[in-house]
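Rule-based calculations on the coordinates, nothing more; no lab input. Nothing here was measured: the structure is a model prediction, and the numbers come from that model. Quick reminder, even Gly has a Cβ in these numbers, built from the backbone with ideal geometry, and neighbours come from all protein chains shown.
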Amino acid sequence: MGVYVLGIAGASGAPYARRVLEQMLATGNEVKAVITDAGRKVIEVEEGLLLTGNTEADTPTVLDWAQASDYAGNFELYHHKDVAAPIASGSFPVDGMAVVPCSGGTLGRIAHGISNGLLERAADVCLKERRRLVLVPREMPVSLIHLRNMTAVTEAGGVILPASPGFYHNPTSISDLIDMVAGRILASLGIQSSVMKPWLGPDPSSYSTNEEGIQ
């Protein structure tokens, strides 16, 4: 199993972060998490979860939110200004990092190597050490500035994975849409998860035929 960093920034998409965290831990990985002030506000608005910013007090709350309390020993939450945390150094080995969701501002700072906190610094470390970095923006529409920043991250070795669920798997609930995006994020990090349902082709029984059997 691996060690992964999960950053949560101030863009809409907190349910994606919850599902990714749950699956990272459920599949036996260690998770080092960082939540920005704006990320805490989005979690409060979208999930009704109030975090204090005190990592010791917030840790059990975050684990309960992700339905992952059984994996407390594999989870560590760092304050977003703790630039002395292990994940701020390239000498601390991690297998990859995802920023879920990733705000436009966070994207821009990562794209240009500007670290005003632990989240951006940890992402910068992943790029310079040639480790997997997945950024999950949810802005729409995007400006030319966003597109150029996405290009810069891609050229530096990162992966831009927009929170854009598909519908070919015939989702029947919001949870199905969340799972699709979460599964793609996990797969991009090299984590095999039950929420990732690979496309195996259409179900023949879903086809309608005419009297001659022509679809």
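Going Cα to Cα from LYS41, which aspartates and glutamates come in below 15 Å? Please leave out same-chain ones fewer than 8 positions away.
ASP58
Which semi-axis lengths, in whole Å and largest first, follow from the square roots of five times the eigenvalues of the Cα gyration tensor of the chain?
Result for the chain: semi-axes of 32, 20, 17 Å.
What does the extension gain come out to for THR27 and HIS79, with contour length at 0.36 nm per residue minus their alpha carbon separation?
16.3 nm
What is the magnitude of the charge dipole of the range 61-215 about its Cα centre, with +1 placed on the Cβ of each Lys and Arg, -1 on the Cβ of each Asp and Glu, and no other charges, expressed in debye to the nearest 20?
Taking the Cα centre of the range 61-215 as origin, the dipole is about 700 debye.
For the chain, what's the relative contact order in percent, using C-alpha pairs closer than 8 Å and at least 6 residues apart? Provide the component values of the computation, followed by the final result.
Working: 378 pairs, mean separation 46.6, N = 215.
Once divided by the residue count of the chain, the mean separation gives 22 percent.
Between beta-carbons, use under 13 Å as the cut-off and find the net charge around VAL195, counting Lys and Arg +1, Asp and Glu -1.
Details: positive: ARG18, ARG19, ARG184, LYS197; negative: GLU22, ASP176, ASP179.
Computed value for this residue: +1.
How much FRET efficiency would the formula 1/(1 + (r/R0)^6) give for GLN192 and ALA156, where r is the Cβ-Cβ distance and R0 is 25 Å, rounded to 0.05?
It comes to 0.45.
Rounded to the nearest 500, what is the 222 nm mean residue ellipticity of the chain from helices alone, with -39500 (n - 2.57) per DSSP H run of 4+ residues and division by all residues? Display every interim value, and only then the final one.
On the way: 7 runs with 82 residues, N = 215.
So the helix-based figure for the chain works out to -12000 deg cm²/dmol.
Arranged from highest to lowest average of other beta-carbon atoms within 10 Å per residue, in what order do the peptides 139-145, 78-84, 53-59 appear?
Peptide ranking by packing, descending: 78-84, 53-59, 139-145.
Please list, or write none, the lysines whose alpha carbon is within less than 22 Å of the alpha carbon of LYS128, excluding same-chain residues fewer than 8 places away.
LYS32, LYS81
Within 9 Å, Cβ to Cβ, of GLY157, how many net charges do the neighbouring residues add up to if Lys/Arg are +1 and Asp/Glu are -1?
Local net charge: +2.
Per 0.36 nm of contour for each residue apart, how much would the distance between SER91 and SER173 grow if the chain were fully extended, relative to their Cα-Cα spacing?
Values: separation 82, 0.36 × 82 = 29.52 nm, distance 4.24 nm.
Full extension from SER91 to SER173 adds 25.3 nm.
Between ASP70 and MET140, what is 0.36 nm times their sequence separation minus the Cα-Cα distance? Round to one decimal in nm.
Extra length from ASP70 to MET140 when fully extended: 21.6 nm.
When DSSP assigns beta bridges and you keep just the ones with both residues in the range 3-206, what percent turn out antiparallel, to the nearest 5?
So the antiparallel bridges amount to about 0 percent of the total.
Expressed as a whole number of Å, what is the distance separating the alpha-carbon centroids of the range 134-161 and the range 57-99?
24 Å
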